[in-house]
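Comments concern the structure below.
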Amino acid sequence: MIVGVPKETVEGERRVALVPELVPLLMKAGLEVRVEPGAGLAAGFPDESYQAQKVTLGPGILPQSDIVLKVQPPTLADVPSLKEGAILIGFLSPYSQSDLIKALAGRKVTAFAMELMPRITRAQSMDALSAMSTVAGYKAVLLAAGRLHKFFPLLMTAAGTLRPARVFIIGAGVAGLQAIGTARRLGAVVEAFDTRPIVKEQVESLGAKFVELPLETKDAQEKTGYAKAQSEEFYQKQQELMKKSVAAADVVITTALIPGKRAPVLITEEMVHAMQPGSIIVDLAAEQGGNCALTQASQDVLHQGVLILGPINLPSTLPYHASQMYARTVLNYLLHLIKEGKISLDLNDELTRAPLVTHQGEVLFPAAKT
């Protein structure tokens, strides 16, 4: 079977779905690997590094490949080029791209969406969302540090003592925990909040203070491990209780996302007004509408002296390591699907079934059927 890796074509995407160091593992599994010229160049992997691993380079990857590995979803125009019955693995945005999912089904493509990987122990090494959230959480802090008009650490100098920056992180999932660790390493005083009390110990183990709010949060997490959407009344109460922490912070980093839904608004315009001029909000939920009412995706908004950053696709800004991490999750998942050099699907296995969005001409992902 031929595994093909095309060059990503989405604007600003610099990652690649397979890095050279992992090629021998695919070949050991009995697979042939073909890569489109230039596919890894933006991530720091030139064609020569693939050739050194005996990879075949050439154009027209999609129609040649039995298995296609991607980062971003293919375009509708790409679908007819896919081999009928091919396997596709990558981020597929199944909640928002129902037309694409239906087109893949029409082509009889068996498509696996990496963002639907279940949060179970066996899937940890295949959890692409968590891997990319690690990158996003780290980079969010660097963006804030680079734009803040203060030092992050405490400095004691001949010119006086400079107080450390105060950072408030909303959401202590993978991105939030990485942001906490990075902000602490830079010397900031860090507070964090999450609707799931279970993460308090993790927050404190990183040297941050866990902000406890009197909220009923027993059902804040789905069985899948992802955050659960709450009522509008819940979010309004949360906003009211968080006002003090937001107003006291030099930097606020928000990370709250609900799969398939608009991101909850956690910082209102009124809360922004209470922040000191020069403060910064980095909204990691910008692509899904934003956790701040004033966020604009891919834009910097200056509102009464407060800078609100709405970055999108932060993992692509660190493409070398992001590609290594993403490619490893994809490889691990592909090897899970392969038995004796061939694809073998056990649809009774949650690890196989959960990310599967199309198979044998059918759309299997409920949200894409309508």
Exercise. Within segment 337-348, which residues are open to solvent by less than 40 Å² (accessible area, probe 1.4 Å) and under 22 Å from Ser93 (Cα atoms)?
Worked result: Leu337
For this session: Say whether the condition of being of a type outside the set (Phe, Trp, Tyr), more than 26 Å from the chain's Cα centre (by Cα) and not in a loop (DSSP other than H, G, I, E, B) is met by at least one residue in segment 86-105.
Result: no
Seminar exercise, completed: Residue count, segment 324-336, condition under 12 Å from Leu18 (Cβ atoms) and surrounded by fewer than 20 Cβ atoms within 10 Å (Cβ to Cβ), comes to 2
Problem set entry | Count - residues of segment 246-259 that are open to solvent by less than 10 Å² (accessible area, probe 1.4 Å) and not in a loop (DSSP other than H, G, I, E, B) | 5
For this session: May I ask you to say which residue of Gly4, Gly12 is part of a strand (DSSP E or B) and closer than 27 Å to Thr317 by Cα?
Result: Gly4
For this session: State yes or no: is Thr317 touching a residue at least 24 places away in the same chain (Cβ under 8 Å) and touching a helix residue (DSSP H, G or I) at 6+ places or on another chain (Cβ under 9 Å)?
Result: yes
Seminar exercise, completed: Note: among Thr224, Thr254, just one is of a type in the set (Ser, Thr, Tyr), modelled with pLDDT of 95 or more and within 23 Å of the chain's Cα centre (by Cα), namely Thr254
Problem set entry | Count of residues meeting criterion [surrounded by fewer than 14 Cβ atoms within 10 Å (Cβ to Cβ) and under 17 Å from Ile253 (Cα atoms)] in segment 137-166 | 2
Problem set entry | Selected residue (criterion: farthest from Val19 (Cα to Cα)) from residues of segment 349-370 that are in a loop (DSSP other than H, G, I, E, B) and open to solvent by 60 Å² or more (accessible area, probe 1.4 Å) | Thr370
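In segment 312-321, is there at least one residue being touching a Ser or Thr at 6+ places or on another chain (Cβ under 8 Å) and either of a type in the set (Phe, Trp, Tyr) or open to solvent by less than 60 Å² (accessible area, probe 1.4 Å) (or both)?
Initially, segment 312-321 is screened for residues touching a Ser or Thr at 6+ places or on another chain (Cβ under 8 Å), giving 312.
Those still in the list that are either of a type in the set (Phe, Trp, Tyr) or open to solvent by less than 60 Å² (accessible area, probe 1.4 Å) (or both) too: none.
Within segment 312-321, none of the residues are touching a Ser or Thr at 6+ places or on another chain (Cβ under 8 Å) and either of a type in the set (Phe, Trp, Tyr) or open to solvent by less than 60 Å² (accessible area, probe 1.4 Å) (or both).
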For this session: State whether the residues of segment 42-65 include one that is open to solvent by less than 20 Å² (accessible area, probe 1.4 Å), of a type in the set (S, T, N, Q), under 21 Å from Gly106 (Cα atoms) and out of contact with any helix residue (DSSP H, G or I) (no Cβ under 7 Å at 6 or more places or on another chain).
Result: yes
Seminar exercise, completed: Checked segment 180-190 for anything in contact (Cβ under 8 Å) with a residue 40 or more places away in the chain and open to solvent by 30 Å² or more (accessible area, probe 1.4 Å); matches are Leu186
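Table: residues versus (1) part of a helix (DSSP H, G or I); (2) of a type in the set (Phe, Trp, Tyr).
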{"site": "Lys261", "(1), (2)": "no, no"}
{"site": "Glu270", "(1), (2)": "yes, no"}
{"site": "Ile281", "(1), (2)": "no, no"}
{"site": "Val301", "(1), (2)": "no, no"}
{"site": "Tyr320", "(1), (2)": "yes, yes"}
{"site": "Thr329", "(1), (2)": "yes, no"}
{"site": "Tyr333", "(1), (2)": "yes, yes"}
{"site": "His336", "(1), (2)": "yes, no"}
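Look through Glu287, Glu362, Glu350 and report the one residue that is acidic (Asp, Glu) and more than 23 Å from the chain's Cα centre (by Cα).
Values: Glu287 fails: more than 23 Å from the chain's Cα centre (by Cα); Glu350 fails: more than 23 Å from the chain's Cα centre (by Cα).
Glu362 is the lone residue from the list that is acidic (Asp, Glu) and more than 23 Å from the chain's Cα centre (by Cα).
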For this session: Report the residue count in segment 106-134 for those that are crowded, with 16+ Cβ neighbours inside 10 Å and in a loop (DSSP other than H, G, I, E, B).
Result: 7
For this session: Might you let me know whether segment 162-175 holds any residue that is part of a helix (DSSP H, G or I) and of a type in the set (D, E, K, R)?
Result: no
Exercise. Hey, among the residues in segment 283-299 that are of a type in the set (A, V, I, L, M, F, W, C) and outside any loop (DSSP other than H, G, I, E, B), which one's nearest to Ile170 (Cα to Cα)?
Worked result: Cys292
Seminar exercise, completed: Scanning segment 106-132 for residues that are charged (D, E, K, R) and either under 15 Å from Gln72 (Cβ atoms) or within 19 Å of the chain's Cα centre (by Cα) (or both) gives Glu115, Arg119, Asp127
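The values are calculated or read from the model by the stated rules, or taken from the named source; none is laboratory data. Remember, it's a predicted structure, so these values are computed and weren't measured experimentally. In this analysis, Cβ positions are derived from the backbone assuming ideal geometry, glycine residues included, and neighbour counts consider all displayed protein chains. Just the protein is used for accessible areas: all its heavy atoms, side chains included, with ligands, DNA and RNA removed. Shrake-Rupley method; radii C 1.70, N 1.55, O 1.52, S 1.80 Å.
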